[in-house]
Amino acid sequence: MNTPTSNQPRRTLLLTGASRGIGHATVKRFSAAGWRVITCSRHAFPENCPWAMGPEDHIQVDLADPASTRDAIAEVKQRLDGGELHALVNNAGISPKDEEGGRLSTINTTLDTWQQVFQINFFAPVMLARGLIEELKAAKGSVVNVTSIAGSRVHPFAGSAYSTSKAALAALTREMAADFGRVGIRVNAIAPGEIDTAILSPGTDKIVAQIPMQRLGTTDEVAKIIYVLCTETSSYVNGAEIHINGGQHV
Ligand SMILES: NC(=O)c1ccc[n+]([C@@H]2O[C@H](COP(=O)([O-])OP(=O)(O)OC[C@H]3O[C@@H](n4cnc5c(N)ncnc54)[C@H](OP(=O)(O)O)[C@@H]3O)[C@@H](O)[C@H]2O)c1
């Protein structure tokens, strides 16, 4: 792993949804490599998920609310103080279920739920990337959007609003790679399969039996690919969506 040397300025990552799961593993990976990590989520800094400088660099935001998202963008700009943003990782996402924990389909998803899912999973990433384009441009930075295997096939547990929002986020990645690539910002996506986090549903073991690698992925296995997409190793990768799923998509 690269750590900054005395002649290399400290790099900064803005990460949404950092309080647990894939986001927490991503914080650990980047901060271990010497990055400053500014985190965003609805709750206050999670004491059970600590990292150096965490409390000072945590921003409370509800990405379901466009006004709160705009305030958070202003707050990030202030904290960067005209400086560079080397990476933006749009990781926060929700996957609502019905009252019994069942899958929400195209028939029983309310419009309110559909809009909330799209606001968090799709519109917040585009708002953040556009809002911080000057800071990303200054750093020749990198954007990583966290999509899902459910964005490209019907999934037994992931709902229709979630899956379509992730399909839209994959398409957004392609569009942004074309537009942002021209100003030196790379935009890629990672599409996790079944990763061992709280988002998984009971019954996932049946899916695991069909995955070529016969196991769940770990959050660190996702975080290390996000790290590669934000660093020099991937300097000519733009507009890619990388599957991290043990071969589940084949
Ligand atoms: N786990 C998997 O197997 C899997 C598979 C495919 C894709 N993914 C994707 O990977 C990403 C991370 O998944 P995960 O399993 O690590 O999720 P998770 O454990 O449910 O964590 C979600 C994160 O998003 C934040 N968040 C949720 N709603 C928010 C809001 N309205 N405003 C701001 N932050 C919000 C949460 O923090 P607060 O509660 O503090 O707001 C939390 O930090 C998601 O985009 C998910 O769709 C996961």
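The values are calculated or read from the model by the stated rules, or taken from the named source; none is laboratory data. Nothing here was measured: the structure is a model prediction, and the numbers come from that model. Every residue, glycine among them, receives a Cβ derived from its backbone with ideal geometry; neighbour counts consider all protein chains shown. Side chains included, ligands, DNA and RNA excluded: accessible areas come from the protein's heavy atoms. Shrake-Rupley method; radii C 1.70, N 1.55, O 1.52, S 1.80 Å.
More than 16 Å from the ligand (Cβ to nearest atom) and not hydrophobic (A, V, I, L, M, F, W, C): is that true of S152 in this structure? Spelling it out, it is not the case that S152 is more than 16 Å from the ligand (Cβ to nearest atom) and not hydrophobic (A, V, I, L, M, F, W, C). Scanning the range 79-103 for residues that are under 24 Å from A191 (Cα atoms) and either crowded, with 18+ Cβ neighbours inside 10 Å or of a type in the set (A, V, I, L, M) (or both) gives L85, H86, A87, L88, V89, N90, N91, A92, G93, I94, S95, R103. Just one of the listed residues (V37, V76) is without any contact (Cβ under 8 Å) to a residue 40 or more places away in the chain and open to solvent by less than 20 Å² (accessible area, probe 1.4 Å), and it is V37. Kindly check whether there is at least one residue in the range 125-135 that is within 15 Å of the chain's Cα centre (by Cα) and either near the ligand (Cβ under 9 Å from one of its atoms) or open to solvent by 10 Å² or more (accessible area, probe 1.4 Å) (or both). Yes, the range 125-135 contains at least one residue that is within 15 Å of the chain's Cα centre (by Cα) and either near the ligand (Cβ under 9 Å from one of its atoms) or open to solvent by 10 Å² or more (accessible area, probe 1.4 Å) (or both). Only a single criterion out of (1) within 22 Å of V143 (Cα to Cα); (2) touching a strand residue (DSSP E or B) at 6+ places or on another chain (Cβ under 8 Å) is not satisfied by G246, namely (1).
Check the range 234-245 and report whether any residue there is within 10 Å of the ligand (Cβ to nearest atom) and open to solvent by less than 30 Å² (accessible area, probe 1.4 Å). Among the residues of the range 234-245, at least one is within 10 Å of the ligand (Cβ to nearest atom) and open to solvent by less than 30 Å² (accessible area, probe 1.4 Å), which makes the answer yes. When T231 is tested against (1) surrounded by fewer than 22 Cβ atoms within 10 Å (Cβ to Cβ); (2) without any contact (Cβ under 8 Å) to a residue 60 or more places away in the chain, exactly one condition is not met: (2). Beta carbons closer than 8 Å, at least 6 apart along the sequence or on distinct chains, pair a first residue in the range 138-167 that is in a loop (DSSP other than H, G, I, E, B) with a second that is surrounded by fewer than 21 Cβ atoms within 10 Å (Cβ to Cβ) and of a type in the set (S, T, Y) for F157/S201; F157/T204; G159/S105; G159/T109. All of (1) more than 14 Å from the ligand (Cβ to nearest atom); (2) surrounded by 19 or more Cβ atoms within 10 Å (Cβ to Cβ) hold for T147 with one exception: (1). L15 satisfies every condition listed in (1) within 13 Å of the ligand (Cβ to nearest atom); (2) at pLDDT 95 or above; (3) open to solvent by 20 Å² or more (accessible area, probe 1.4 Å); (4) not in a loop (DSSP other than H, G, I, E, B) except (3).
The one condition from (1) modelled with pLDDT under 95; (2) within 13 Å of the ligand (Cβ to nearest atom); (3) under 21 Å from I225 (Cα atoms); (4) not acidic (D, E) that W51 does not meet is (2).
Just to be sure before I move on: is T106 more than 18 Å from A189 (Cα to Cα), modelled with pLDDT of 95 or more, among the β-branched types (V, I, T) and within 13 Å of the ligand (Cβ to nearest atom) in the structure I sent? No, not satisfied. Among the residues making up the range 188-225, those that are in contact with a strand residue (DSSP E or B) (Cβ under 8 Å, 6 or more places away or on another chain) and within 10 Å of the ligand (Cβ to nearest atom) are I190, A191, P192, G193, E194, I195, D196, L216, G217, T219, V222.
Sub-6 Å Cβ pairs linking a first residue in the range 87-102 that is without any contact (Cβ under 8 Å) to a residue 12 or more places away in the chain to a second residue that is surrounded by 14 or more Cβ atoms within 10 Å (Cβ to Cβ) and among the aliphatic types (A, V, I, L, M), at least 6 apart or interchain, are D98/L104, ordered by first then second residue.
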